[in-house]
Protein chains: 2
Amino acid sequence: MSRSGAPAARDPASVAPTAAQARVIAAALELFSRYGVGGTSLQMIADEIGVTKAAVYHQYSTKHEIVLAAAEAELTRLEAVVAAAEAERSPGRARDALVTGMVDLAVARRRTVRTILNDPIIGGFFAEHEQFRQVMHRMRHLLVGDERGPEARVSTAMLIAAISGAVMHPFVASLDDEVLRAQLLRLARRFLGLPG
Amino acid sequence: MSRSGAPAARDPASVAPTAAQARVIAAALELFSRYGVGGTSLQMIADEIGVTKAAVYHQYSTKHEIVLAAAEAELTRLEAVVAAAEAERSPGRARDALVTGMVDLAVARRRTVRTILNDPIIGGFFAEHEQFRQVMHRMRHLLVGDERGPEARVSTAMLIAAISGAVMHPFVASLDDEVLRAQLLRLARRFLGLPG
DNA sequence: GTCTATAGACCGATAGAC
DNA sequence: GTCTATCGGTCTATAGAC
């Protein structure tokens, strides 16, 4: 769903990036994961792509916009996982699809997910970003249904943090993607009390 | 243990900080959690304390040293929790004490733990920091004994990430410390397959 | 869409007075 | 231990040629 070829402008705030914008976003995400958002300059992004700063400013007119576009690009991937889970036929299947999709996404984008969900600057952006709150709310609903008490909040937060944080922990650096994926999925399901 | 009044220089690399150094570390940790390590300047640290940059440089001669001192200060807290757990009489009690101590520490230092464990710059410091690797190894041993396979690695990484990441998730921002502590402890114990 | 060149602010770091 | 003052360099951002 939502291939990058078609325009598909569903949201006026976040239209599909052009090819040049996608290169900026990819370079930014790579550098953010290595140096953090605050430790990444426009010069570093330009050097990573192989152009000058002015060429980057032609795509996005402030650093703020680049950070927002990079965060939204990753959020869009997560939203696709959530939407696919919501399309399942039963709440049980939906919850299962969400956990599997979260693990797949976290492993596939091992180096970026942790920064996107933990960098304090991006966290500040998300705090005032309605799309992010809605995705989080939909994830919680898929995981714990209509419950909204402390246990529902803490268990959802722990599952998201466990999956997204574990993939960059030094303990798992030596594991290849398939082994990591299998273990993450099994342990995440166990955390939720799901069968094996 | 290890009150800041006594000299107690056990490690030549990380001696106990003076009062002035402790103020720098506290200001740095606060700002790191708000803006990230790369997004925090020495001017910001100096302003937070209410002195000039030169006064900060009198305590630590590079920014690198400040980041290292701040990371080590937090690592020392975690090491104390690990040491207390290791002093328990049985492996079961030790594991229990570790989980409880980790939760207490994460809740007490809600705003700082996530940054310390997830900021990419600090992560790079820890990668070449023997004390950090030893503490992680001791935590894994307390949690899963002599097992060193993928499951032992992934489950340890997930528990650490879950506890340290959940305390700053927007879902739990409205919970007071005691409620958060109780839920974190209960769910962490359930993740490890421990009784109630 | 990319370049060179530049503006003005801020960066980490140092010198030396008190 | 803190200050003022300063260094050279890098930062974000802009102007204008090709």
Matching residues in region A:42-73 - criterion: being more than 10 Å from DNA strand C (Cβ to nearest atom), of a type outside the set (A, V, I, L, M) and surrounded by 16 or more Cβ atoms within 10 Å (Cβ to Cβ): A:48, A:60, A:63, A:72
Scanning region B:55-73 for residues that are of a type in the set (Val, Ile, Thr) and within 15 Å of DNA strand D (Cβ to nearest atom), which turns out nearest to residue B:16 (Cα to Cα)? B:66
Mind counting the residues in region B:130-161 that are surrounded by fewer than 19 Cβ atoms within 10 Å (Cβ to Cβ) and among the polar types (S, T, N, Q)? 2
When you look at residue A:90, is it within 10 Å of DNA strand D (Cβ to nearest atom), small (Gly, Ala, Ser) and either modelled with pLDDT of 95 or more or crowded, with 20+ Cβ neighbours inside 10 Å (or both), yes or no? no
For residue B:98, the lone unmet condition from (1) within 14 Å of chain A (Cβ to nearest Cβ); (2) among the hydrophobic types (A, V, I, L, M, F, W, C); (3) away from DNA strand D (no atom under 16 Å from the Cβ) is (1)
Pairs please, first residue from region A:44-63 and within 13 Å of residue A:25 (Cα to Cα), second anywhere and in a loop (DSSP other than H, G, I, E, B) and aromatic (Phe, Trp, Tyr), Cβ atoms under 6 Å, 6+ apart in sequence or on different chains. none
Test: residue in region A:79-87 that is at pLDDT 95 or above, surrounded by fewer than 23 Cβ atoms within 10 Å (Cβ to Cβ) and not hydrophobic (A, V, I, L, M, F, W, C): yes
Odd one out for residue A:40, checked against (1) modelled with pLDDT of 95 or more; (2) more than 14 Å from chain B (Cβ to nearest Cβ): (2)
For region B:186-196, which residues satisfy the criterion of being closer than 23 Å to residue A:169 by Cα, more than 9 Å from chain A (Cβ to nearest Cβ) and either free of Cβ contacts under 8 Å to residues at least 12 places away in the same chain or of a type in the set (A, V, I, L, M, F, W, C) (or both)? B:192
Which of the residues spanning region A:142-185 are at the interface with chain B (Cβ under 8 Å from one of its Cβ atoms) and of a type in the set (D, E, K, R)? A:151, A:153
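From the residues in region A:104-129 that are acidic (Asp, Glu) and surrounded by fewer than 24 Cβ atoms within 10 Å (Cβ to Cβ), which one is modelled with the lowest pLDDT?
Quick first cut of region A:104-129, residues acidic (Asp, Glu) only: A:104, A:119, A:128.
Next cut, surrounded by fewer than 24 Cβ atoms within 10 Å (Cβ to Cβ) only: A:104, A:128.
Working: A:104: 98, A:128: 88.
The residue in question is A:128.
The values are calculated or read from the model by the stated rules, or taken from the named source; none is laboratory data. Everything numeric in this text was worked out from a predicted model, so none of it was measured. Glycine also receives a Cβ, built like all others from the backbone with ideal geometry; neighbour counts cover every protein chain displayed.
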